[in-house]
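The values are calculated or read from the model by the stated rules, or taken from the named source; none is laboratory data. These numbers come from a predicted model, not from an experiment. Heads up, the Cβs are rebuilt from the backbone with ideal geometry, glycines too, and the neighbour counts pull from every protein chain shown. These area figures cover heavy atoms from the full protein model, side chains too; ligands, DNA and RNA do not enter into them. Shrake-Rupley method; radii C 1.70, N 1.55, O 1.52, S 1.80 Å.
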Amino acid sequence: MGYRTVVMYMEIGCFVVCVAGWILVCSTMPTEIWTWSEVDSIVLTTSNYFSNLWKDCISDSTGVSDCKGIPSMLALNWDIHMCRALIIICIILAFFGSILVLVGMKCTKLGGSEVANARVTFAGGMNYLIGGMCSMVAFSFYGNKIRSEFQNPNFRAQKFEIGVGVFIGWGGSTLLVVGGLILSIFAGREGCRSR
């Protein structure tokens with residue numbers, strides 16, 4: 001098995017890893033449980049509070065949930081705006097990264113010469129890498145905010161815990177960063193060496 005074949009299989013593997021990471025990051029946007037808290041008043045009635053970047057919800061012990069969208073864009077804190085923007089940037093960059101990698105991979109016959117295809121694959125890998133870093137910053141900032149409020153003894157409001165959406169986002173961001181880094185290293189080495 002030659003070097004070209006190994007690189008081709010590596011590109012396919014990294015592409016699958018990055019698309020899986022992109023799907024995971026996309027799936028966190030509609031996921032309702034980014035933060036959650038449980039309030040026990042008596043044995044039969046328990047309330048669960050949960051929220052994400054777009055709405056706040058409450059459910060009772062019967063399973064009925066009621067969600068309310070965040071009413072004003074201007075009334076939001078800057079950190080929610082930042083997390084929203086970074087995750088949307090990640091989704092857009094990873095989408096265009098997928099198109100670039102599909103065009104530039106060795107197993108597809110699109111594009112021009114080997115050097116041109118390597119440069120296109122490098123650009124796609126950088127899109128994945130930058131998008132993964134954007135979403136990693138957003139999920140890490142949001143998770144750290146929840147953790148710091150939970151552990152602060154002077155914080156008197158309702159304390160929340162990190163929900164499943166943040167963990168899924170961390171996993172998807174990691175896949176994007178790892179896949180994009182490997183694609184960028186191999187494609188950049190081939191695209192820049194051939195000048």
### Query
Per the Kirkwood treatment, what hydrodynamic radius in Å, one decimal, follows for the chain from the mean inverse distance over all distinct Cα pairs?
18.5 Å
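What fraction, in whole percent, of alpha-carbon pairs in region 76-167 exceed 21 Å separation? Could the numbers behind the result be given before it?
Values: 2043 of 4186 pairs.
Value for region 76-167: 49 percent of Cα pairs lie more than 21 Å apart.
Just order 120-133, 1-14, 86-99 by mean Cβ neighbour count inside 10 Å, highest at the front, would you? Show your work: numbers first, answer last.
Working: 120-133: 25.0, 1-14: 14.1, 86-99: 19.4.
Descending mean neighbour count gives 120-133, 86-99, 1-14.
In square nanometres, what is the average projected area of the Cα convex hull of region 137-195?
That works out to 5.2 nm², a quarter of the Cα hull's surface.
Sort 170-177, 25-32 by packing, meaning the average of other beta carbons within 10 Å per residue, with the highest value first. Before the final figure, lay out the partial values.
On the way: 170-177: 22.4, 25-32: 17.6.
Taking the mean over residues of other Cβ atoms within 10 Å, the ranking is 170-177, 25-32.
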### Nearest 10 degrees, 0 to 90: helix 78-104 Cα axis against the chain principal axis
30 degrees
### Message
At R0 = 25 Å, how high is the FRET efficiency between Cys67 and Ile88 if r is their beta carbon distance? Nearest 0.05 is fine.
### Response
0.75
### Query
How far, in degrees from 0 to 90, does helix 114-151 lean away from the longest principal axis of the Cα atoms of the chain, to the nearest 10?
20 degrees
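Assuming 0.36 nm per residue, please report the length gained on full extension of the stretch Asn77 to Thr46 beyond their Cα-Cα distance. Spell out each step's value before the answer.
On the way: separation 31, 0.36 × 31 = 11.16 nm, distance 2.89 nm.
Net length gain for the segment: 8.3 nm.
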### Query
Once all Cα-Cα distances of region 120-165 are split into 10 Å bins that start at 0, what whole-number percent is in each one?
24, 33, 21, 14, 7, 1
### Query
Rg/Rh for region 36-101: what does it come to with C-alpha atoms and Rh from Kirkwood?
1.19
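Accessible area per residue for the chain in Å², computed with a 1.4 Å probe and the full protein assembly in place, what is it?
Numbers: 10600 Å² over 195 residues.
Accessible area per residue, the chain: 54 Å².
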